[in-house]
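Only the coordinates and a few stated rules stand behind these numbers; no lab work does. All of these numbers come straight from a predicted model, not from anything done at the bench. As a convention, Cβ positions derive from the backbone with ideal geometry for all residues, glycine included, and neighbour counts pool all protein chains shown.
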């Protein structure tokens, strides 16, 4: 017996088909929206709470090279060591009741004792190598996804994965820039904090003795005080 | 409903999705003026707007943040100091002298985008303000941070404008309360 379907029946199924086909897309859409990577806040202790700290003329400077992969990934959402970058936390605090002090970002540097070379923070070189690569991949996927969107099954995952990657890249770049050590004038009780990014060749991780050097200037007198910390930057394999 | 509408629907969806992550970008050309009332410091200051500042922008979104800071810096300075002279690339107008020079520089201008239009987008602007005496010695220098966040579908112009206003209000607070600047003003007024 031949079943005869009324033409109207196909039309009645259309909303159901539409919902069924769009549901996974909507789930992907909202799912990736909820999973936008978060920017981690940087919280630090007082400068003298760090194992490596010095106090001179009422200014305290503390440093901590961050060498633990897991800790770096929690903070920056990417393993910076794999990208040839070692973050060193610098915290400076003014406890001098009579004077202000300037600690400039370009006056915080890392000295390699073995060859005598000095390097300052290198965040810009790194963003072009890590976050940018992820962002470029994301952009390509977004473009491919948008073009393939009419083929919903292929296009939607490409589009959303691409958007997710581009979003992650933007958060990684933001995190690096936001947490960098910038220039400050510290009045009484004021504190400055941030990371200096020490760049090393990817295939040759730093090992041995380095020195983290910070120069602090009293703008009223022009007098400069140097803080010099020995740092063994041997990284885990 | 015609079945030919299916492809059109998908094109529409993909276009809308693309629009959710895109956006036109510009920022108000009018200077921000809603600063809190405060007593001005008795100092004649030159506001040094450099070409480097004017050209500062984020290439990704083409927001001319340097131009906005260049427009706003003299207005902010006039809320802080009782005499302000406009300078360009370190040059004073003829027959003018100042006790100090205020120079802004964009240290960082960055933005996150959400994975979708509903995800959070944060705009962050960091400006390094340097106040130096007439001999070029630095009196005070600090990097002030302005920030705003909204959903990614919000126009970048709107979020950047809010971050800029946050930056300018914090800059006003930081400059007016800096002990190093207060001491310099006292020394100059003697």
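The calculated FRET efficiency for the pair residue B:54 and residue A:20, based on their C-beta separation and a Förster distance of 41 Å, comes to about 0.15.
When you look at the Cβ of every residue in A:38-46, what mean number of other chain Cβ atoms sits within 10 Å? Before the final figure, lay out each step's value.
Working: counts 2, 5, 0, 0, 0, 0, 0, 0, 0.
Counting Cβ atoms of other protein chains within 10 Å of each residue's Cβ and averaging gives 1.
Label positions at residue A:69 and residue B:134, each projected 7 Å from the Cα along the C-beta direction, are separated by 6.1 nm.
The distance between label points at residue B:28 and residue A:209 comes to 5.8 nm (points 7 Å beyond Cα on the Cα→Cβ vector). Treating the angle as unsigned and between 0 and 90°, give the value, to the nearest 10°, between the Cα long axis of helix B:156-177 and the longest Cα principal axis of chain B. Compared with the principal axis, the helix lies near 20 degrees.
Per-residue shielding of A:179-185, expressed as the average number of other chain Cβ atoms within 10 Å of the residue Cβ, stands at 6. Sequence-distant contacts, meaning Cα pairs under 8 Å at least 6 residues apart, place the relative contact order of chain B at 21 percent. For region B:32-125, what does the alpha-carbon gyration tensor say about shape, rounded, prolate or oblate, given a ≥ b ≥ c as the root eigenvalues, a/c under 1.5 as rounded, and a/b over b/c as prolate? Taking the square roots of the gyration eigenvalues as a ≥ b ≥ c, region B:32-125 is oblate.
Taken along the Cα-to-beta-carbon direction at a fixed 7 Å, the label points for residue A:232 and residue A:106 span 3.5 nm.
Axis of helix B:179-189 versus longest Cα principal axis of chain B: the two differ by about 40°, to the nearest ten degrees.
Here r is the Cβ-Cβ distance between residue B:44 and residue A:188 and R0 is 35 Å; the resulting FRET efficiency, rounded to 0.05, is 0.80. Counts of other chain beta carbons within 10 angstrom of each beta carbon in peptide B:138-150 average 4. With one equal scatterer per alpha carbon and no solvent term, the Debye-computed log10 I(q)/I(0) for chain B at 0.11, 0.16, 0.17 1/Å reads -0.55, -0.96, -1.05. Of the peptides B:169-176, A:180-187, the order by per-residue mean of other Cβ atoms within 10 Å, starting with the highest, comes out as A:180-187, B:169-176. The angle separating the long axis of helix B:5-21 from the principal Cα axis of greatest extent in chain B is about 10 degrees.
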